[in-house]
1. Scan 142, 124 and give me the residue that is touching a residue at least 24 places away in the same chain (Cβ under 8 Å), touching a helix residue (DSSP H, G or I) at 6+ places or on another chain (Cβ under 7 Å) and buried (at least 18 other Cβ atoms within 10 Å of the Cβ).
2. Looking at region 144-179, which of the residues that are more than 20 Å from residue 76 (Cβ to Cβ) and polar (S, T, N, Q) is modelled with the highest pLDDT?
3. Residue under question is residue 90, and the condition is that it be farther than 30 Å from residue 35 by Cβ and in contact with a Leu (Cβ under 7 Å, 6 or more places away or on another chain); does it hold?
Amino acid sequence: MHVVAWVTAALLLPATALAQDGPGPIPNIQVVGSATISTPPDQANLVYWVTGEGKNADEASTQLAAKHKAISDGLARLLGRGTEISSGEVSVIETREPACDGPGNYNNRPRLSTGACAVTGYVATLQGNVRTSATDKAGTAAGLAARLGARDARLQNFFLSNPEEAQHRATVAAIADAR
């Protein structure tokens, strides 16, 4: 039984060696082409923050809602159809006298609501987001948001709504260059 296995193995070795001998790599030709396609952005993102202040949470929230409505309406009028305006999380927090903080407190320790730590008011905040195709008006929109009450308004970025189309045009141009 050992002999038969050895003979079979000996017969397979030359076949394995022969199987490794074969035609070399398939000949091929590589052609290189390059192209640059310039495509102006057709979308812009803006972000802004709004705050409302009041003696109680309702006053702060009401002021916040009024400011946000003015900003949203103004941006919609300026930027026109197809503009998406949304807002994120609304936060309402208590405010206290600066003496309540004391040295080293940094607003991270619980405090009693009496004496220097009595609640003095409330601040409501939210973040607004704008996506628009009116890229030529995006900078003006950030300024308008600030004039209408945004605490901070930023033109965050420009981008292409369909980058695949620009990539396809660049590929076609690169292939033409390679010919």
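The values are calculated or read from the model by the stated rules, or taken from the named source; none is laboratory data. As the structure is a prediction and not an experimental result, all values here were calculated from the model. Using ideal geometry, Cβ is built from the backbone for each residue, glycine included, and neighbour counts are taken over all protein chains shown.
1. That would be 124, the only listed residue that is touching a residue at least 24 places away in the same chain (Cβ under 8 Å), touching a helix residue (DSSP H, G or I) at 6+ places or on another chain (Cβ under 7 Å) and buried (at least 18 other Cβ atoms within 10 Å of the Cβ).
2. Among residues in region 144-179 that are more than 20 Å from residue 76 (Cβ to Cβ) and polar (S, T, N, Q), the one modelled with the highest pLDDT is 157.
3. It is true that residue 90 is farther than 30 Å from residue 35 by Cβ and in contact with a Leu (Cβ under 7 Å, 6 or more places away or on another chain).
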